[in-house]
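Engineer: My structure is below; once you've seen it, I'll send some questions.
The values are calculated or read from the model by the stated rules, or taken from the named source; none is laboratory data. Computed from a predicted structure; not experimentally measured. All Cβ positions, glycine included, derive from the backbone under ideal geometry; neighbour counts span all protein chains shown.
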Amino acid sequence: MSMIKITNLVKSYVMGDNIVQALNNITLNIEKKEFVAIVGPSGSGKSTLMNIIGCLDTATSGSYQLNGQEISDYNDNELSEYRNKTIGFIFQKFNLLTKLSALENVELPLIYQGISSKERKEIAIEAIKSVGLYDRMNHKPVELSGGQQQRVAIARALVCKPSVILADEPTGALDSKTGMEVLGVLQELHKKGNTIVLITHDMNVAKKAKRILRIMDGKIVSDEEVEESEVYAGVQNGHEFNIIK
């Protein structure tokens with residue numbers, strides 16, 4: 001059974017007297033434990049597709065099954081409930097609460113699920129450990145680097161054991177070296193069996209996935225497997241750089 005199964009998906013918007021098709025008859029399958037990147041420029045439809053995959057929006061027509069569940073006709077409340085149980089989100093700007101510690105930020109999704117204080121703390125600590133931030137878990141976001149904040153956001157996405165981790169431009173607010181470190185964390189999560197969908201406009205970022213879907217004008221224009229890549233780090237003229245091969 002596919003983790004994500006989309007069939008003949010259309011998303012249209014009414015703009016004045018015109019109807020704009022953001023997604024045009026898209027069909028795709030993403031299997032469990034895959035690491036897939038969806039790549040496209042601004043206006044290509046990738047953000048609209050991400051919103052539908054993440055249960056933040058619904059299609060105009062077509063079918064969307066997530067982990068075997070048909071959710072095309074869900075209302076807002078049903079979408080919200082299913083989203084909270086099934087999707088772990090990682091955002092470009094981290095979306096951490098500044099007054100809370102790293103650990104408290106990771107605990108938040110568990111509070112919404114009604115888990116007891118003792119149990120959610122234990123679960124959150126394990127998630128913090130999994131991204132290498134155990135020694136920083138009591139620090140607030142302002143006391144953490146950008147890369148560390150994104151690791152906290154990744155831990156927060158993991159605590160509810162989601163069916164899919166949806167990463168929206170997760171390196172967009174980071175320098176290249178820190179971005180590579182965050183992508184390394186995502187690769188490790190994939191190796192542990194997590195299903196990851198990465199949304200990006202950057203092909204170098206997309207190449208860290210195992211499969212790349214390119215979207216243009218609301219259509220999937222290519223679907224290809226990724227060869228194993230290696231990252232070579234170095235310093236030239238006083239500046240650090242990474243080369244992806």
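Engineer: Residues being outside any helix (DSSP H, G or I) and surrounded by 16 or more Cβ atoms within 10 Å (Cβ to Cβ): count how many of those fall in the range 174-184.
Structural biologist: 1
Engineer: Residues of the range 38-57 being surrounded by fewer than 17 Cβ atoms within 10 Å (Cβ to Cβ) and either modelled with pLDDT of 95 or more or in contact with a strand residue (DSSP E or B) (Cβ under 6 Å, 6 or more places away or on another chain) (or both), which ones?
Structural biologist: none
Engineer: Same structure again: Taking the range 29-57 on its own, how many of its residues are in contact (Cβ under 8 Å) with a residue 60 or more places away in the chain, in contact with a Ser or Thr (Cβ under 9 Å, 6 or more places away or on another chain) and hydrophobic (A, V, I, L, M, F, W, C)?
Structural biologist: Qualifying residue count for the region: 6.
Engineer: Is one or more of the residues making up the range 14-28 of a type outside the set (Lys, Arg) and closer than 18 Å to residue 167 by Cβ?
Structural biologist: So far as the range 14-28 goes, yes, one or more of its residues are of a type outside the set (Lys, Arg) and closer than 18 Å to residue 167 by Cβ.
Engineer: Here's another thing I want to ask about it. Among the numbered criteria (1) over 16 Å from residue 92 (Cβ atoms); (2) assigned to a helix (DSSP H, G or I); (3) modelled with pLDDT under 90, which one does residue 190 miss?
Structural biologist: (3)
Engineer: Which ones in the range 26-42 are assigned to a strand (DSSP E or B) and farther than 12 Å from residue 65 by Cα?
Structural biologist: 26, 35, 36, 37, 38, 39 - these are the residues of the range 26-42 that are assigned to a strand (DSSP E or B) and farther than 12 Å from residue 65 by Cα.
Engineer: Does at least one position in the range 14-26 carry a residue that is closer than 26 Å to residue 225 by Cβ and either touching a Leu at 6+ places or on another chain (Cβ under 6 Å) or surrounded by 17 or more Cβ atoms within 10 Å (Cβ to Cβ) (or both)?
Structural biologist: Yes, the range 14-26 contains a residue that is closer than 26 Å to residue 225 by Cβ and either touching a Leu at 6+ places or on another chain (Cβ under 6 Å) or surrounded by 17 or more Cβ atoms within 10 Å (Cβ to Cβ) (or both).
Engineer: Now a separate question. Please go through the range 193-204 and give me each residue that is within 25 Å of residue 161 (Cβ to Cβ) and either of a type in the set (Val, Ile, Thr) or not in a loop (DSSP other than H, G, I, E, B) (or both), ordered by number.
Structural biologist: Listed by number, the residues that qualify are 195, 196, 197, 198, 199, 200.
Each row is one residue, and each column tells you yes or no for (1) closer than 21 Å to residue 56 by Cα; (2) modelled with pLDDT under 90.
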position	(1), (2)
81	yes, yes
92	yes, yes
107	no, no
113	yes, yes
122	no, no
149	no, no
157	yes, no
160	yes, yes
167	yes, no
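Engineer: Of the numbered conditions (1) charged (D, E, K, R); (2) part of a strand (DSSP E or B); (3) surrounded by 19 or more Cβ atoms within 10 Å (Cβ to Cβ), residue 223 fails exactly one; give the number of that condition.
Structural biologist: Answer for residue 223: the failing condition is (3).
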